[in-house]
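The values are calculated or read from the model by the stated rules, or taken from the named source; none is laboratory data. Keep in mind the model is a prediction, meaning the values are calculated, not measured. Every residue, glycine among them, receives a Cβ derived from its backbone with ideal geometry; neighbour counts consider all protein chains shown. Side chains included, ligands, DNA and RNA excluded: accessible areas come from the protein's heavy atoms. Shrake-Rupley method; radii C 1.70, N 1.55, O 1.52, S 1.80 Å.
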Amino acid sequence: MKKKVLAVLMSVVMLGTLTACGGQKSEETGQQKATEAEEDSKEKKTEAEKTEAEKTEAEKTEAEESKAEGTEAEKDTKNETDGVSETEAANTDKESEAAKSDVKAEDPAGKDSGDSAQIKTGGILKIGTPAEIVNLGYPGKPGSSNELIVMQPAVEPLCRYTKEGELDPWLCESFEADADALTLTVKLKEGIKFHDGTDFNAEAVKWNWEAFTAQGRTEIGAIKSIECPDDNTVVAHLAQWDNTIPDNALWLAGFMYSPAYAKENGEDKANVNPVGTGPFKFKEWKKDVSISFEANKDYWIEGQPYLDGIEFEFIADANTLTTAYQAGELDALGMIFGDSVSIMKATGEESKAEDGLTGGATISIVAFGCTDEKSPCKDLKVRQAFCHAVDWETLCQASGNGSMYYVNQWAVPGTWSYNDDVAGYPYDTEKAKELLKEAGYKDGVKINCYTVEPNTTQATMLQQYLSEAGIELDIQIIDQSRSDEMSGINGNWDGIILSAGRADVEIASIYGRSFTDEGVRYVGGFLHPEDLAEVISNAKAAKTQEDRAKYCKEMAKMIIDEYCMIAPIGIGSGVQYEKDYVHDTGILRKHMIAWTPEACWLDK
């Protein structure tokens, strides 16, 4: 039986691949010539410097060294006196070296440009993606990974992340969380302005945090008051200790929008016109077609951005999307999965993504409608039967085409929050049939499946498995806005939603968003048992890493083994295709969501 189902699944995948695969234009980057030319230039420079050194007398050298030391001392004194931060001083040096021409690549993204690469300015980076965007420019509204990625050219966070998953100050200079004092203190960088010319300061952070919470978001709900002792210091006072506050306040709720623009234009207009501090200003949004940004000439890091603009092209059909990339109409493919990955793998081109990323990961799930009276999935035994009817690991491998790895829980394997003791639901068609009979469905049951178009292949594979157990899956294709509405704070659904969610190492706040009464995502369709809510609360309040890990693992087991509210499919390992002339995007180099639009450049 398993072989029969697997054969059907693989035929679905291969059909999509064979339909789309065509010739791929070869591209010549000229990198080897550029490298040879640079090495020749370095050799000539070294020869000239050697000759000059031989002509220089020892006394002259001593004098120059003394003079240099004096100059450096004056520079240090001036920086200290004027209050210039270390970051600002570094940025000034960087601008003087760049001179808005060719400069040495520093490769903040992790693995793009070689040591000899010379940054070139100008050009528009075109990124193709199947993702649909609904929210973009107001605190608390953007929630999906896709929305957070697309808005970053214009809107920046207080902190980004290192590859190790540590918070890395960006708009802020530093931060300190004090569990005993129940405070989070944030020091901001000075001299930064929003695109509308207004100041980024402590009051702006306060407004953004309050606006985020006003959307019904609970991730920073432990903040009871916010104090601004000066223009560059923000102090959040907590009602109780919450160890998720630094991540949520500085990253998720840390994306900073202009309060002045939002107040003047209203929430709806602000949401589709992001006005932030970023290296690019919002230019145009053609709904379901494209979003474009243009360079911010007054960006706070002098000399950046290097590009004239960034454009996201939204193409849902995998064949059309990948063909446009292969034809050179797109410079990169981002946020792709399923059929698009299968097609690209068949071309032989390698993904530019780093392996082993865990921060900001996305998990694909089946979300059961557990509360709708019309939904068969309201019955625990039906949900369990559904899970036993599917070979989830095979489904993950076949539908993900190598872009996902299987998990049996909403957590990242190999991390402190992952629970190896979660049993899950082994593939067992007969067990599934037995459970359906116990639930009163001896002749089978029909379940609605809501999904966006890019997940169609995955839904079809599910349908094949479930039919063997007597479950008829009625696939209904919906757009992203409808999916967001159903899974949103006031939404509900009968049957299942094929969807995705964040799968960071820190999962307590993620679970809190969905499995408690204060949740904002899937909250209407999931159960909110008191014992689970208590464990989530304990995980957030834990002051030791040992306790934090213990409660997070307990949560993972309860959601799967006890309540069966979701069926995990897999976590995206991340694929990113870019032409060889594209450098330093930072996409999928350190983090699954955070990237470096200010550092991008094109060598063409």
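Keeping all protein chains in place and using 1.4 angstrom, which order do Glu373, Glu311 fall into by accessible surface area, from largest down? Walk me through the intermediate numbers first.
Working: Glu373 145, Glu311 45 Å².
Largest accessible area first, the list is Glu373, Glu311.
Subtracting the Cα-Cα distance of Asp199 and Asp231 from their residue separation scaled by 0.36 nm leaves 10.6 nm. Think of the stretch 441-541 as a dipole: +1 on every Lys or Arg Cβ, -1 on every Asp or Glu Cβ, centred on the Cα centre; then among Met461, Ser509, Ser487, Met461 lies furthest on the positive end. Rounded to 0.05, the FRET efficiency of the Asp308 and Asp443 pair, given R0 = 51 Å and the Cβ-Cβ distance, is 0.20.
Restricting the trypsin sites (Lys or Arg not before Pro) of the stretch 334-419 to loop positions (DSSP other than H, G, I, E, B) with no more than 14 neighbouring Cβ atoms within 10 Å leaves Lys374.
Using 0.36 nm per residue and subtracting the Cα-Cα separation, the extra length available between Asp268 and Ala327 on full extension is 17.5 nm. Both radii were evaluated on the Cα set of the stretch 182-244; the Rg over Rh quotient, with Rh as the Kirkwood radius, amounts to 1.00. Projecting label points 7 angstrom from Cα along Cα→Cβ for Thr185 and Lys287 puts them 4.8 nm apart. Taking 1.002 mPa s as the viscosity and 20 °C as the temperature, the Stokes-Einstein diffusion coefficient of the stretch 283-387 based on its alpha-carbon Kirkwood radius rounds to 118 µm²/s.
Relative contact order, percent, of the stretch 492-604 when contacts are C-alpha pairs under 8 Å separated by at least 6 residues?
Details: 106 pairs, mean separation 16.1, N = 113.
Relative contact order comes out at 14 percent.
So if I place +1 on the C-beta of Lys and Arg and -1 on the C-beta of Asp and Glu, and nothing else carries charge, what would the dipole magnitude of the stretch 309-425 be about its Cα centre? I want it in debye, nearest 20.
500 debye
Rounded to the nearest 10 square angstrom, Phe175 shows an accessible area of 70 square angstrom against a 1.4 Å probe. In whole Hz, with x marking every Gly and Pro, tabulate ³J(HN,Hα) for the stretch 421-431 from phi via Karplus 6.51 cos²θ - 1.76 cosθ + 1.60, θ = phi - 60°. So the Karplus estimates, Gly and Pro as x, are 8, 5, 7, x, 9, x, 4, 7, 4, 5, 5 Hz. Once the Cβ-Cβ distance of Glu173 and Ile475 is raised to the sixth power relative to R0 = 35 Å, the FRET efficiency obtained is 0.10. Size descriptors for the stretch 562-604: radius of gyration and Dmax over Cα atoms are 16.1, 56 Å. Distance between the pseudo-spin-label points of Glu166 and Trp416 (7 Å out from Cα toward the beta carbon): 1.4 nm. Inverting the pair-averaged 1/r between distinct Cα atoms of the stretch 127-234 gives 15.4 Å as its Kirkwood hydrodynamic radius.
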